[in-house]
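These notes are about the structure you will find just below.
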Amino acid sequence: MNRLLPRGLMAPAVIALLLWMLVPLLMTLWFSLVNYNLMQPGQHGFAGLANYEYFITDPDFWPAVANTLLLIGSVIAITVVLGVLLALLVNDPFPGRGIVRVLLISPFFVMPAVNALLWKHMMMNPIYGVLANVWKFFGLTPVDWLTDVPLVSVIVMVAWQWLPFACLIFITSLQSLDREQMEAARMDGASAVQRFWYLTLPHLARPMAVVIMIEMIFLLSVFAEIAITTAGGPGNESTNLTYLIFKQSLMNFDVGVASAGALFAVVLANIVAVFLIRIIGKNLD
């Protein structure tokens, strides 16, 4: 009786959580196995694996996979490197440190759609944008970022939003760094570079692993920045897997193929998550 009561009280919440997760997943699995096109509402014949084959053989598929991996890798590299540097800069006390820390963290609370609009109109506009004015100040021709280098533009936007998250994690970790050990190393003649390489960097190994894992999982679903700024173009130069699924579902009205793509993305995300969890587990041991 003592064991059944807690389980009975938890059962409604557990059942609701399972239904909330399993029902959409099972519906997506079913849609991926049938011919479900919104332009032909009365025809839902069984398609088997045809939707998966169509999605994988789409000419935009492999470029979308490459763009997704490049986007994830670039953003993680930028946020980890700059996050560590910024955390080191604001770690030691100085006048106004609290205000600076708040300003560093604030971009993370900007919604993705607002972030995309801000960079599209305020920063990267080739006529009146801030970057265009900087180029003109130095006598250079302004760059049309979203047309000439669309994927780089998206990487800059996403990295700007995720940099505060990495910086916050590293700042918190640096607070637990052994000051006496750092002071002893300095008195023994260790340079700043040596103290960073042999003391600070190993101390930040676990936070780095956590930042990489969390960012990689969330960056697989980047959508708003692409939809609002480049719409996946020009051509497919800035199309990632998430935006490719969107094009199949809402532009081509093919729910079956889009569902197959969604399941492919789920499998990819789980593979990445398992791989990273194992790496982090070894690091934590």
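Which of (1) within 23 Å of F218 (Cβ to Cβ); (2) out of contact with any Cys (no Cβ under 8 Å at 6 or more places or on another chain); (3) surrounded by 15 or more Cβ atoms within 10 Å (Cβ to Cβ) is the odd one out, the single condition M21 does not satisfy?
For M21, the failing item is (3).
Pairs needed: first member in the stretch 71-90, small (G, A, S); second member anywhere, modelled with pLDDT of 90 or more; C-beta distance under 7 Å; at least 6 residues apart or different chains.
Within 7 Å, the pairs are S74/I155; G83/L163; G83/A166; G83/C167; G83/F170; A87/C167; A87/F170.
Taking the stretch 204-234 as the search range and keeping residues that are small (G, A, S) and in a helix (DSSP H, G or I), which one is surrounded by the fewest Cβ atoms within 10 Å (Cβ to Cβ)?
This residue is A205.
Which of the helices (runs of 4 or more DSSP H) found entirely inside the stretch 36-126 contain at least 1 residues meeting this: of a type in the set (S, T, Y) and over 25 Å from I171 (Cα atoms)?
50-56, 61-89
Inspect all residues belonging to the stretch 160-173 and state whether any of them is out of contact with any strand residue (DSSP E or B) (no Cβ under 6 Å at 6 or more places or on another chain), loosely packed, with under 13 Cβ neighbours inside 10 Å and either touching a residue at least 40 places away in the same chain (Cβ under 8 Å) or of a type outside the set (D, E) (or both).
Yes, because at least one residue in the stretch 160-173 is out of contact with any strand residue (DSSP E or B) (no Cβ under 6 Å at 6 or more places or on another chain), loosely packed, with under 13 Cβ neighbours inside 10 Å and either touching a residue at least 40 places away in the same chain (Cβ under 8 Å) or of a type outside the set (D, E) (or both).
Every residue, every condition in (1) buried (at least 21 other Cβ atoms within 10 Å of the Cβ); (2) under 28 Å from L69 (Cα atoms); (3) basic (K, R); (4) touching a residue at least 60 places away in the same chain (Cβ under 8 Å), yes or no:
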position	(1), (2), (3), (4)
V110	no, yes, no, no
V114	no, yes, no, no
F138	no, no, no, no
T141	no, no, no, no
V149	no, yes, no, no
M157	yes, yes, no, yes
S176	no, no, no, no
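The values are calculated or read from the model by the stated rules, or taken from the named source; none is laboratory data. These figures come from a predicted structure and were not determined experimentally. Positions of Cβ are generated from backbone atoms using ideal geometry, with glycine treated the same way; all protein chains shown enter the neighbour counts.
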